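Okay, so here's the structure we're looking at.
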Amino acid sequence: MDEDELESLRQKRQQQRLQAMQAEEQGRQLFQKLLTPEAFERMCNVKVSNSELYMSVASTLAYLYKAGQIKEKIGDEKLLMLLEKVTDRKETKIEFRRK
């Protein structure tokens, strides 16, 4: 690769990083607008611990906001209910058989 191609790749990566940072900042601002401080803190913790769950809940909240279905700030209890619905884990049953 020559220097022009390398510089082009660097600029492209820099632009991608900048776009990602801007999208993250917009999401953070939206969450601060939609969530109570406790719920916002919980979302930050979810982001650190489980990024897939965070992205799923974030897209759900963004969709609900754009659809105009969110009328008031979402509290910690409502966020917990949403997290439970999104995870929808089936309880595992462990059975011990004795001989």
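Every read-out reported here was derived from the displayed coordinates using simple, explicitly stated rules and does not represent laboratory data. Owing to the predicted nature of the structure, the values given are computational and were not obtained by experimental measurement. Every residue, glycine among them, receives a Cβ derived from its backbone with ideal geometry; neighbour counts consider all protein chains shown.
Across the stretch 3-82, Cα-Cα pairs more than 22 Å apart make up 34 percent of the total. The C-alpha atoms of the chain define a longest principal axis, and helix 51-66 lies at about 90 degrees to it. Note on the stretch 11-78: Lys pairs 8 or more places apart or on different chains, Cα atoms under 30 Å apart, count 11.
If the chain linking residue 66 and residue 33 were pulled fully straight, counting 0.36 nm for each residue of separation and taking away their Cα-Cα distance, it would gain 10.6 nm.
Model label points for residue 73 and residue 23, set 7 angstrom from Cα along the Cα-to-Cβ axis, are 2.8 nm apart. The long axis of helix 3-34 is offset from the longest Cα principal axis of the chain by roughly 40 degrees. Against the chain, whose longest principal axis comes from its Cα atoms, helix 76-87 is set at around 90 degrees.
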